[in-house]
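Student: Attaching a single structure in structure tokens format; questions to follow.
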């Protein structure tokens, strides 16, 4: 009998513990900030086929190579795009990826930054590293006659970057100075505030270049570890072009690639945009109001929807003087010199963002007008005239978009990165050409989520003694007193 009682007590205790854990889990989930990572997908496809796509096998890894031969000038370029090397992977070390890339621009440990740069300059070789949101990219360009030496310098840099305490300190000082300078850039402050709203609780809510505090906290070991993780051939996409023999160039790169690790494939995260509109106001000693705004944008099928989204964004706010926002806010109402809004689509985020600057006294009116314009745009769609204008511009500007080998390679890489066919831009233009007014308006009217606008505003505090003078209230008061 006593054993049964003990067993019952033990079972009851387990049940209570389980319930407690569930309650704590729910509480913790509620306390979490706005949605962070929603899903992950492998960013690098290794089965794409088509013209100007090739795979180069190194240590059992099929590295995608996007290329174009061009023998007009005796020059070549090689870009190493390491996915996962961007600031989206910085976690709590804001600015780590940017700092790591900057150190790669400081030459090798053996030569140092000055001697390394001088040797490159003597041969007209450029070798630069930088980051994007998701990638670390290393760009090498050279005259054909110095291709071998250029690849040799790239090899030396990747195997022995200038990872020394003095180099770290120099780069940190430079980045801290830049971060402090940005604090007085009101466009930057407003944009950062918008990111904090739209992507709260994610790496995107923090500056890619870091803050003075975060930059100073980064150690040499942090940089070494970051570069070890980022410079992995499992994460690599090669983009090359110019007067090159592609196969010979890849063979020349092989010793360098074989020296890099191959054990950390990158799965790109996806961050959802907040669905709860919010307005954040920061008071600065500003002469005008800087208004940045954004909203979610739901994209279900990128290949199918991209042409529609491109036309939609073009007419609404990304086309400058021909856009709906610019036409109403600047031309008809005279509230701002410029007003833009665009749809941002990538593997990491889908959202809309926009901005305008206006007089302090027009701040509230401008915010209300932005909301009104977007609401009417979604409800009524666009006109045939606007569609025809968008088609004319987008189709007519195609030659300029692909006039250089650099632009063509960038387009192909972007398509590949998005998981689209490498020549998808041709398909997209044909879809735009055949687009009907009914088709685009049905699409626009389905995106009611862009009405869920959040605003980040940098402006002057109305309580500031300068405010009344700037908005003209003091002058009006003096005139009124003189008339009494």
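Taken together, the values in this text are just the output of simple stated rules run on the coordinates, not laboratory data. Not measured: the values here are computed from a predicted model. Note that each Cβ is placed from the backbone with ideal geometry, even for glycine, and that neighbours are counted across all protein chains shown.
Student: Considering only DSSP beta bridges with both partners in the range 41-269, what is the antiparallel share in %, to the nearest 5? It would help to have the intermediate numbers written out before the result.
Tutor: Numbers: 32 of 37 bridges.
Antiparallel bridges: around 85 percent, rounded to the nearest 5.
Student: Only bridges whose two residues both fall in the chain count here: according to DSSP, what percent of them are antiparallel, nearest 5?
Tutor: Numbers: 56 of 66 bridges.
Taking every DSSP beta bridge with both residues in the chain, the antiparallel ones total about 85 percent.
Student: In nm, to one decimal, how far is the modelled label at residue 452 from the one at residue 439, with both set 7 Å along Cα→Cβ?
Tutor: If labels sit at residue 452 and residue 439, their model points lie 2.8 nm apart.
Student: Let's test the formula: R0 of 45 Å, r as the Cβ-Cβ distance of residue 365 and residue 397. What FRET efficiency results, to the nearest 0.05? If you can, show how the numbers build up before the last one.
Tutor: Numbers: r = 34 Å, r/R0 = 0.75.
Computed FRET efficiency for residue 365 and residue 397 comes out at 0.85.
Student: Still on this structure, I have one more. In nm, to one decimal, how far is the residue 118 label point from the residue 303 one, both placed 7 Å along Cα→Cβ?
Tutor: Taking the simple label geometry, residue 118 and residue 303 are separated by 5.4 nm.
Student: Which label marks the calculated value of P(r) over Cα pairs in 20 Å bins from 0, in percent, given the options [x] 19, 46, 28, 6, 1, 0; [y] 22, 59, 19, 0; [z] 20, 37, 22, 11, 5, 3, 1, 0?
Tutor: [x]
Student: Whole Å is fine, so just give me how far the alpha carbon centre of the range 109-159 lies from that of the range 74-104.
Tutor: First find each Cα centre; the distance between them is then 14 Å.
Student: Could I ask something else about it? Which of 435, 240 has the fewest other C-beta atoms within 10 Å, and how do the rest follow up to the most? List each step's numbers first, then the result.
Tutor: Values: 435 18, 240 22.
In increasing order of surrounding Cβ atoms, one gets 435, 240.
Student: 7 Å from Cα along Cα→Cβ at both residue 469 and residue 247: what's the point-to-point distance in nm?
Tutor: According to this spin-label approximation, the distance is 7.6 nm.
Student: Here's a follow-up. Distance between the C-alpha centers of the range 355-391 and the range 229-263? Whole Å please.
Tutor: 46
Student: Could you pull out which residues in the range 134-171 have an amide N less than 14 Å from a spot 7 Å beyond the Cα of residue 71, following the Cα-Cβ vector?
Tutor: Counting backbone N atoms under 14 Å from the label point, the list is empty.
Student: Please arrange 139, 388 by counting, for each residue, the other beta carbons lying within 10 Å of its beta carbon, fewest first. Let's see the in-between values first.
Tutor: Working: 139 15, 388 11.
Ranking 139, 388 by Cβ neighbours within 10 Å, fewest first, gives 388, 139.
Student: Counting other C-beta atoms within 10 Å, which of 267, 116 has the fewest, and how do the rest follow?
Tutor: Least to most surrounded, the residues fall as 267, 116.
Student: What number, rounded to the nearest 500 deg cm²/dmol, is the helix-based mean residue ellipticity at 222 nm of the chain, given -39500 (n - 2.57) per DSSP H run of at least four residues and division by all its residues?
Tutor: Values: 18 runs with 220 residues, N = 484.
Helix-only estimate at 222 nm: -14000 deg cm²/dmol.
Student: A follow-up question, please. What is the gain in length, in nm to one decimal, between residue 170 and residue 327 on full extension, counting 0.36 nm per residue of separation less the C-alpha to C-alpha distance? Display every interim value, and only then the final one.
Tutor: Values: separation 157, 0.36 × 157 = 56.52 nm, distance 4.74 nm.
That works out to 51.8 nm of additional length.
Student: Between residue 388 and residue 276, what's the calculated FRET efficiency when r is the beta-carbon distance and R0 is 51 Å? Round to 0.05.
Tutor: Numbers: r = 38 Å, r/R0 = 0.74.
For residue 388 and residue 276, the calculated efficiency is 0.85.
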